[in-house]
């Protein structure tokens, strides 16, 4: 089974939208292992509303935490223990798009085990989502530095939101990481728009 792990350089950079686009592009399954925040409209439900593919299976979260915080803290608040045993990759013959929580070094327990450890343990290929804001160059380079020499295959980077050619160029030149594409700042993401974007990512 091929596993594609979508991570960001931080919170609210567009991982869920990118996950929807990649799920549609690859006609893949989707899984969000740890949901933190609103359970009224989870990331899984958001992706389900945006993906047209009829062969996609949306696998249930291993953990559903209503506290909008890092998984390790959300679990503590709700008196839950996050165990590797429950973080078992769903069985499927399809490609699986996995959406991480927050950035690559977000911890899910007080041992300091992170999203990076999940991606590495599962043998997943990683897609980095970067959004241009003051400080995003540093956050992007630090994220890629963690992956450098780790044995984890980095598929590439996707820039989301308003373009900043200077920032993007220095990141790409410094890291030599492949540019997978760019997602524009959109008023609203719909199924049709996700489908249109997905045509640019079928090569992944």
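The values are calculated or read from the model by the stated rules, or taken from the named source; none is laboratory data. From a predicted model like this one, the values you see are computed outputs, not experimental measurements. Note that we place each Cβ from the backbone using ideal geometry, even for glycine, and neighbour counts take in every protein chain shown.
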Some residue of segment 121-135 being farther than 24 Å from residue 198 by Cβ, out of contact with any helix residue (DSSP H, G or I) (no Cβ under 9 Å at 6 or more places or on another chain), crowded, with 16+ Cβ neighbours inside 10 Å and touching a residue at least 40 places away in the same chain (Cβ under 8 Å): no
Pick from segment 170-204, criterion exposed (fewer than 11 other Cβ atoms within 10 Å of the Cβ) and part of a helix (DSSP H, G or I), ranking: nearest to the chain's Cα centre (by Cα): 192
Extreme residue, nearest to the chain's Cα centre (by Cα), among residues of segment 142-152 that are surrounded by 13 or more Cβ atoms within 10 Å (Cβ to Cβ) and in a loop (DSSP other than H, G, I, E, B): 152
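Here's the yes/no breakdown for (1) outside any strand (DSSP E or B); (2) at pLDDT below 95; (3) surrounded by 24 or more Cβ atoms within 10 Å (Cβ to Cβ):
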{"position": "1", "(1), (2), (3)": "yes, yes, no"}
{"position": "16", "(1), (2), (3)": "yes, no, no"}
{"position": "19", "(1), (2), (3)": "yes, no, yes"}
{"position": "23", "(1), (2), (3)": "yes, no, yes"}
{"position": "41", "(1), (2), (3)": "yes, yes, no"}
{"position": "48", "(1), (2), (3)": "yes, no, no"}
Test result for residue 26, within 19 Å of residue 78 (Cβ to Cβ) and more than 11 Å from the chain's Cα centre (by Cα): no
Flag if residue 157 is modelled with pLDDT of 95 or more, under 24 Å from residue 30 (Cβ atoms) and within 14 Å of the chain's Cα centre (by Cα): yes
Scope segment 114-132; condition assigned to a loop (DSSP other than H, G, I, E, B) and modelled with pLDDT of 95 or more; matching residues: 122, 123, 124
Hits in segment 52-79 - residues which are touching a strand residue (DSSP E or B) at 6+ places or on another chain (Cβ under 7 Å) and assigned to a loop (DSSP other than H, G, I, E, B): 56, 57, 61, 62, 67, 68, 69, 70, 78
